[in-house]
Structures are given as C-alpha cells and as structure tokens.
Amino acid sequence: MEKSVNLKDIDRAKLAAATIAVEYVKDGMNVGLGTGSTAAWMIKCLADKIYNEGISIKAVPTSNQTAKLALEHQIPITTLDEVKFLDITIDGTDECDENYNLIKGGGAALLHEKIVAAASKKVIIIADQFKYVDTLGSFPLPVELIKFGWSSSKDCVVSILNKLGYKSYQINLRMNDNVPLKTDEKNFILDLELAEISEPLLLSRELNLVPGVVENGLFINSCDLLILGENAGKVSVHEPSRNLVSSRDVDVDRIFREFKY
Ligand code: 5RP
C-alpha cells in the first residue's frame with residue numbers, strides 16, 4: 001500500500017538534508033548516529049539504504065533514544081569501545097554559525113555526541129535552514145554537569161559568565177515532568193540563555209574548567225560538512241575546509257512514499 005504524503009514543511013527540510021547525508025555512508029563503514037528529530041529522519045534514510053543496497057555497517061548511537069530507533073529500523077548497533085573509531089558521523093544541530101561552530105544538546109545527548117564526533121573521521125551535520133545563524137546564542141547553551149553539588153557548579157558558571165562580560169543572562173536547570181532531567185549518564189543539564197555568544201571557543205574552554213561540569217554544547221571545529229535542507233526539498237551542501245557550497249534538489253515526497261519502514 002502506498003503511503004500518503006502528509007509531511008510538515010520542517011520535516012521536508014530535515015528529510016531532504018538526511019537523504020543527501022546518507023549518500024556518504026559506504027559499505028563496511030563504522031557510522032555514528034546522532035540524536036534528535038533530524039537524526040531520526042537520517043536513521044530512516046540509512047535503514048532504507050541498507051535495505052536497498054545491501055550494504056553492511058556498524059552503527060554507534062549517541063543516545064538510548066537513538067539506539068532504540070536504530071534497532072527498530074534493523075540497523076546493527078555496537079559501542080564506540082568495540083569499534084574504537086568511526087568513519088563518519090551524521091548528527092543534527094540546534095544552531096550553526098558561519099564559522100560552522102555549533103550549539104548542540106537540545107536533545108540532552110551532547111556528551112555522547114561530542115565523544116562520538118571526536119572519534120569520527122568525518123562529521124556531517126544535517127539541519128533545516130533555520131538552524132543556520134549569524135551568531136550563536138539564540139538557542140540556550142546546554143551545559144551537562146554532575147548531580148553532586150550542581151548548585152555550586154552553577155555558581156561557578158555564573159562567575160565565568162560575569163567575568164566574560166555576559167549581561168542579563170538566565171540559567172535554567174532543565175526539567176522533565178517537574179523533576180530535573182537526567183541525561184543518559186544520569187547527569188543534569190543547565191540551559192544558559194545568553195542571547196549572543198561572541199567568543200564560543202573561549203566560553204567553551206572556561207565552562208569545561210568548572211568542577212562538576214562534564215561538557216558543554218559548543219562544538220567548535222567539529223563540523224566537516226554541513227547539509228541544510230529547505231522546505232521545498234532544496235539542499236545546500238557546505239564544505240567548510242574548501243569553502244565550497246553546492247546545491248541539490250530532493251524529491252522528498254517520493255522518498256517518503258518509498259520508505260520501507
Ligand atoms: C541532541 C542534539 C540534536 O542534534 C539537536 O538538538 C537538534 O535536534 P533536532 O534535529 O530535533 O532539531 O544536539 O542532543
């Protein structure tokens with residue numbers, strides 16, 4: 001039976017980007033799987049590619065949520081410790097600036113995502129066009145910290161923000177059903193509403209020096225390829241290292257109709 005096409009515009013954009021991204025996955029590769037709604041489209045595309053082309057890959061998910069989704073789509077998963085390195089990782093983002101620096105962690109998976117990105121030869125970031133911004137910071141910056149003494153760690157984060165000249169910011173402990181959200185590593189997340197981040201590298205370094213902070217959501221120099229989708233299925237592929245941008249059109253409705261899963 002043919003699936004009816006009833007995609008929201010934003011999903012068209014995400015699916016378009018995901019479709020192009022999985023073209024980079026080849027037989028025998030170890031592949032890092034990102035977390036979030038855009039990554040979820042990529043998992044569907046990857047499952048189809050495995051089914052249609054008969055390729056064999058080993059996938060390392062960046063969250064429990066992604067692991068579940070991958071298994072539901074018959075994608076074989078393993079651990080980073082087993083494969084040790086990844087040929088490619090495909091992940092989403094919350095923001096990407098013109099220097100290809102990112103804010104990630106909206107889906108609370110930033111710690112595993114950063115470790116997986118660091119173990120990858122090539123990191124492909126997929127997103128809808130609205131994630132591309134002049135300056136990072138409209139999206140609150142997630143900071144993962146351990147539960148023990150988290151309010152003291154938060155005070156240290158406040159001191160750092162004041163020292164770096166941030167004004168009228170807000171810091172929120174991320175909640176889930178009226179209790180602090182716990183990451184897959186059972187840590188807490190602070191969301192830093194900063195409005196604008198002028199020096200991402202400096203802020204990232206300072207935050208990671210705070211005792212109790214495990215990682216922050218600034219991904220600096222980790223994007224090797226940015227694939228942005230638009231509502232109509234147009235996709236732009238940005239290669240930061242070569243300063244190259246190319247454009248493609250994707251028939252998202254056809255792809256959606258033909259999904260096996
Ligand atoms: C999860 C992430 C996601 O990549 C980010 O939040 C984007 O999610 P989505 O594709 O749902 O907008 O960093 O920790």
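Every number here is computed from the coordinates shown, using simple stated rules; none is lab data. Since this is a predicted model, take the numbers as computed values, not measurements. Backbone-built Cβ (ideal geometry, glycine too); neighbour counts: all protein chains shown.
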> Is it the case that some residue within the range 147-155 is within 16 Å of the ligand (Cβ to nearest atom) and in contact with a Leu (Cβ under 6 Å, 6 or more places away or on another chain)?
Replying inline: no
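Of all residues in the range 91-121, count the ones that are part of a strand (DSSP E or B) and more than 14 Å from the ligand (Cβ to nearest atom). Outline the logic, then answer.
Of the range 91-121, the ones part of a strand (DSSP E or B) are 91, 95-96, 102-103, 120-121.
Right, trim to more than 14 Å from the ligand (Cβ to nearest atom) and you get 120-121.
The qualifying residues number 2.
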>> Looking only at residues that are under 17 Å from the mean Cα position of the chain (by Cα) and either of a type in the set (D, E, K, R) or in a strand (DSSP E or B) (or both) in the range 18-48, which one is surrounded by the fewest Cβ atoms within 10 Å (Cβ to Cβ)?
In response: Lys44
>> Of all residues being closer than 26 Å to Ile10 by Cβ and touching a Pro at 6+ places or on another chain (Cβ under 8 Å) in the range 49-68, which is surrounded by the most Cβ atoms within 10 Å (Cβ to Cβ)? Just the residue, please.
In response: Ala59
> Does the range 55-62 include one or more residues that are assigned to a helix (DSSP H, G or I) and of a type in the set (Ser, Thr, Tyr)?
Replying inline: no
>> Looking at Ile88 and the list (1) under 16 Å from Ala39 (Cα atoms); (2) of a type outside the set (Phe, Trp, Tyr); (3) surrounded by 23 or more Cβ atoms within 10 Å (Cβ to Cβ); (4) more than 8 Å from the ligand (Cβ to nearest atom), which single condition is not satisfied?
In response: (3)
